[in-house]
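Notes follow the structure.
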Ligand SMILES: *Cc1c(COP(=O)(O)O)cnc(C)c1O
């Protein structure tokens, strides 16, 4: 594919570059985080119009694998992968839902929810995982000895990893914190034949173990410390600009836990601007659950210091992370984008999820965290009523029916029931049914 290329680079030292065909998760010299850097000059040898037309001509078409929202942008993502090694399940191409009715309630009518959870495994983690698993196939093809691919997960990464590995015929191993993921999240890797290790710890504990395991034994690490994942996730930014005909929203709000995705979102916009497809940047908001809010606490101190926390239980279990791996990348990106971090209590996130569902969505609790952050920023008059706002919905609500039904059945302690909707039990009688309906209408 022309002479497009990319390499690993230390995020704090541009002189430390490493070939993309190596197996690397951190800088081998300093231990710092790595990022994938592209030869932007090679990409810029084509005009912005060329890239827009190219991306549009592929978008959601059936010509495999380029109809995928990720692989349609292959030259910007991982140009070195041969098509025969791509493991794709038609990622991306998700609905940019105009949340007009809900927006009117809040007073921001140019409000959009990017439904990234309407995806193969029900979360936006598919975007990064298609890239990572394809890279693993390429590495094996190149002669590397990789026996399995492993991750620690709060539930969605493991579902994506096991599905893509099963499609590729690769062994997957997932480390899950015991009793801290939803039933739907647990059943996915089981069904896809992963080795599922239920660890008596939290996510941060699982993350430590998996990093140790992957230092040995030819097991490849699939967590988002592996910067290949970020390359797939960043296509969200490109795709949503494309959906707006390359117009840039004023605000993007995303829930954050391990903080790979806030970094990915920024990376996508920076690339769009460098190559000339857009000429300004949006402001970014990372929304955290108050029970797992280390980035928020650091934001309050202007990011001058950062302390990990012990994450407490939250309904938004996929972001129940106290020691985020990608913290340095996230802070860098938020500074570049004049970013904001907001937090939501359990009551706020549950209420916001239920409130927006009443306008036709079916959101996961993490999206609820982002929605609640949006409402708070409107109240503080930081987000203005005439601005264009996109909320990233990260998972499908159907993966979180346990907590959603508990909300509606009013089984959640300490949560107000403002928007709960209980089933009404009625005798098998026309008259009694009519009586109930009269009171409902
Ligand atoms: C992973 C995930 C997030 C957060 O992404 P990070 O990169 O860990 O910050 C948010 N919501 C859902 C549903 C997720 O699975």
* In the range 212-245, which residues are part of a helix (DSSP H, G or I) and without any contact (Cβ under 8 Å) to a residue 40 or more places away in the chain? -> 212, 215, 237, 241
* Kindly check whether there is at least one residue in the range 273-282 that is assigned to a helix (DSSP H, G or I), in contact (Cβ under 8 Å) with a residue 12 or more places away in the chain and under 20 Å from residue 34 (Cβ atoms). => yes
* Structure fact -> For residue 304, the lone unmet condition from (1) away from the ligand (no atom under 14 Å from the Cβ); (2) surrounded by 21 or more Cβ atoms within 10 Å (Cβ to Cβ); (3) part of a loop (DSSP other than H, G, I, E, B) is (2)
* **Positions within the range 123-136 being within 16 Å of the ligand (Cβ to nearest atom) and either outside any strand (DSSP E or B) or surrounded by fewer than 24 Cβ atoms within 10 Å (Cβ to Cβ) (or both), in sequence order** => 124, 125, 126, 127, 128, 129, 130, 131, 132
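Residues are listed down the side, and each one gets a yes or a no for (1) within 28 Å of residue 6 (Cα to Cα); (2) within 16 Å of the ligand (Cβ to nearest atom); (3) out of contact with any strand residue (DSSP E or B) (no Cβ under 8 Å at 6 or more places or on another chain):
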site	(1), (2), (3)
169	yes, no, yes
172	yes, no, no
186	no, yes, no
203	no, yes, no
242	yes, no, yes
* Give me a count of the residues in the range 165-179 that are at pLDDT below 95 and surrounded by fewer than 22 Cβ atoms within 10 Å (Cβ to Cβ). => 2
* Out of the residues in the range 137-164 that are within 10 Å of the ligand (Cβ to nearest atom) and farther than 15 Å from residue 206 by Cα, which is surrounded by the fewest Cβ atoms within 10 Å (Cβ to Cβ)? -> 159
* Structure fact -> In the set 31, 92, the lone residue that is without any contact (Cβ under 8 Å) to a residue 40 or more places away in the chain and on the phi > 0 side of the Ramachandran plot is 31
* To do: Report whether or not residue 224 is within 11 Å of the ligand (Cβ to nearest atom) and modelled with pLDDT under 95.
  => yes
* To do: For the range 376-391, enumerate the residues that are farther than 17 Å from residue 249 by Cα and within 23 Å of the chain's Cα centre (by Cα).
  => 376
* Could you please give the count of residues in the range 428-441 that are surrounded by 10 or more Cβ atoms within 10 Å (Cβ to Cβ) and either over 27 Å from residue 351 (Cα atoms) or in contact with a strand residue (DSSP E or B) (Cβ under 7 Å, 6 or more places away or on another chain) (or both)? => 4
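How about the range 310-419: which helices (runs of 4 or more DSSP H) wholly inside it have at least 3 residues that are away from the ligand (no atom under 16 Å from the Cβ)?
346-357, 365-379, 401-408
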* Structure fact -> When every residue in the range 95-108 that is in contact (Cβ under 8 Å) with a residue 40 or more places away in the chain and assigned to a loop (DSSP other than H, G, I, E, B) is compared, the one farthest from the chain's Cα centre (by Cα) is 107
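Can you tell me which of 88, 119 is under 25 Å from residue 180 (Cβ atoms) and in a loop (DSSP other than H, G, I, E, B)?
Matching residue, one of 88, 119: 119.
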* Asked: Residue check: is residue 69 buried (at least 18 other Cβ atoms within 10 Å of the Cβ) and at positive phi?
  -> no
* Asked: Does residue 401 count as closer than 26 Å to residue 92 by Cα, surrounded by 24 or more Cβ atoms within 10 Å (Cβ to Cβ) and either touching a residue at least 40 places away in the same chain (Cβ under 8 Å) or within 26 Å of the chain's Cα centre (by Cα) (or both)?
  -> no
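The values are calculated or read from the model by the stated rules, or taken from the named source; none is laboratory data. Not measured: the values here are computed from a predicted model. Using ideal geometry, Cβ is built from the backbone for each residue, glycine included, and neighbour counts are taken over all protein chains shown.
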